[in-house]
Amino acid sequence: MKQKGQVLVETVLVIPFLILMLLLVLQTALVFTVYYITNYASYRAARAAVIHFGEKESPEAAARQAAGAVLLALGANTKTLGSSLSVRSRLLIDQYEVTVTYPCRNLLPVPGVIGRYIFITAKTCLPLER
Amino acid sequence: MKKQRGQVLVLVALAIPAIILLIAFTLAVGKLVYSKIRLQNSADGAAYTAALWQARGLNVISDLNWALLAAGGAETVSLRVDYKISKAIMKVQDGAKASFPGVAALAMYYNFKGNNGGGVCLPVVTGLQDAKMFSLRVKRYRLSEKLDTGGIIPSFMVKEQERFWVEQKKTGPLIRVICRNSAASPDFGEKLLHWKIPAQYALASAMPFRSGAESGEEESLGGLWLPHFYPKLIPFGIGLTKAVKALQ
């Protein structure tokens, strides 16, 4: 009987770690998926900026719209997109660089270390024609 | 006691497939995004290449306009009114007008195949205007039909619709392509889970631009007197209204 209880205690001790490990794996998968999507959004944004460069519409606005369109198509929330999406673009000498930052939900219960969101940043640099 | 020892093992055994599934899903999403980006880059490259060959054709015609002017002038002055050299140059110009669009189409196709490795690249034709996509949209300019019977007097090439050529992008020698990736397999989960990368589409559009067109520089004499055309990707209308609304 005594030994039976020991195993139970062991199990109880191990299970939180196990759940944490599972959450870690889930979180890693989530972060990578959001990273891929953000990367694609930054690519589309940079492409839009390069194509609209030198036209009436500013390349920054075109980049932001293109990134927003990608995230919306892939299931971003319409209401919070405007506040959560951050698109920074800058002109290098003959290249246009767009950095997109988008929050990813945090599943790991480690308060103080990671906040509610993990911010994923992706950067794309495309050459300007001419 | 031995039976109870396996309790965690059961949990782990349940968790491991889930973990593998998650990792496979992540990798599949990565490959999906990668193939989409490659397709878009290939589509851009295809449209750009076609516009590049059109720009080259226009530049060749522009150069030959000057050659024609010089040859026609010289032949008139030296009273060689059969205009042999001028006619030869006109023939070359006609050849450039006829052949460069075909070269552009071929270059577009092979550029896409080389960059994407597979798939289909087709021009987009939505109307009669687009049906002339692979043409330079230039024509011979004759001073007068009465004077020039039988093409004796050398005649230059001008843009077909000078006024609208660059300003209204639809009427220029605009290239619009739609590219399609054939359905592919992600590297993981293909057999077991029947995951598939679906057929993807990408649109791209390009046309030869005249340098200085943005700054509002005036064109003169049909706009084919300076060989200063270069290819440029131009925006292809895509539905951004939802994004615009959400970001306001």
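We did not get these values from a lab; they are worked out from the coordinates using the rules stated. Because the structure is a prediction, the values reported are computed rather than measured. Note: ideal-geometry Cβ built from the backbone for every residue, glycine included; neighbour counts use all protein chains shown.
So, counting K/R as plus one and D/E as minus one, what does the shell of residues with Cβ under 10 Å around B:Ala55 add up to?
Numbers: positive: B:Arg56, B:Arg210, B:Lys232; negative: none.
So the surrounding residues net to +3.
Calculate the FRET efficiency for A:Thr80 and B:Val103 from the Cβ-Cβ distance with a Förster distance of 51 Å, rounded to the nearest 0.05. Present the calculation step by step, with values, prior to reporting the outcome.
On the way: r = 50 Å, r/R0 = 0.98.
E between A:Thr80 and B:Val103, to the nearest 0.05, is 0.50.
Filter B:Lys97/B:Lys159; B:Lys87/B:Lys132; B:Lys87/B:Lys139; B:Lys84/B:Lys159 down to the pairs with a C-alpha to C-alpha distance above 21 Å, please.
Working: B:Lys97/B:Lys159 11 Å; B:Lys87/B:Lys132 27 Å; B:Lys87/B:Lys139 16 Å; B:Lys84/B:Lys159 25 Å.
Long pairs (Cα-Cα over 21 Å): B:Lys87/B:Lys132; B:Lys84/B:Lys159.
Given an 8 Å cut-off on Cα distances and at least 6 residues of separation, report the relative contact order of chain A as a percent. Walk me through the numbers on the way to the answer.
Working: 173 pairs, mean separation 35.8, N = 130.
Averaging sequence separation for qualifying contacts and normalising by length gives 28 percent for chain A.
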*Against the longest principal axis of chain A, how steep is helix A:59-73, in degrees 0 to 90 to the nearest 10, with axes from Cα atoms?*
40 degrees
*Taking Cα atoms, how many degrees apart are the long axis of helix A:2-52 and the longest axis of chain A, rounded to 10 and kept between 0 and 90?*
0 degrees
*asked:* Neighbour counts of other C-beta atoms within 10 Å: give me A:Glu10, B:Glu160 arranged from fewest to most.
replied: A:Glu10, B:Glu160
*Neighbourhood charge, 13 Å Cβ-Cβ cut-off, centred on B:Ser185 and excluding it, Lys, Arg +1 and Asp, Glu -1*: +1
*Tabulate in residue order the Karplus-calculated ³J(HN,Hα) for region A:75-84, using 6.51 cos²θ - 1.76 cosθ + 1.60 with θ = phi - 60°, rounded to whole Hz; enter x for Gly and Pro.*
x, 6, 6, 5, 6, 9, 4, x, 8, 8
*Can you list residues whose amide H is under 5 Å from B:Ser185's amide H, if they're 5+ apart or on another chain and H is modeled 1.01 Å from N?*
B:Ile197
*Which of A:Val70, A:Gly5, A:Tyr96 sits farthest toward the positive end of the charge dipole of chain A, with +1 on the Cβ of Lys and Arg and -1 on the Cβ of Asp and Glu?*
A:Gly5
*How many angstrom lie between the C-alpha centres of region A:93-115 and region B:12-35?*
21 Å
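Please give the FRET efficiency for B:Leu226 paired with B:Val81, using the beta carbon to beta carbon distance and R0 = 30 Å, rounded to the nearest 0.05. Don't jump to the answer; show the numbers that get you there.
Working: r = 29 Å, r/R0 = 0.97.
Given R0 = 30 Å and the Cβ-Cβ separation, E is 0.55.
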_Cα pair distances of chain A binned at 10 Å [whole percent]_ = 12, 32, 23, 14, 9, 6, 3, 1, 0
_Given charges at beta-carbon only (K, R positive; D, E negative), |dipole| of the protein assembly as shown in Debye_ = 1520 debye
*Work out the charge dipole of the protein assembly as shown with +1 on the Cβ of Lys and Arg and -1 on the Cβ of Asp and Glu about the Cα centre, then indicate which of B:Phe236, B:Phe134, B:Ser182 is farthest towards its positive end.*
B:Ser182
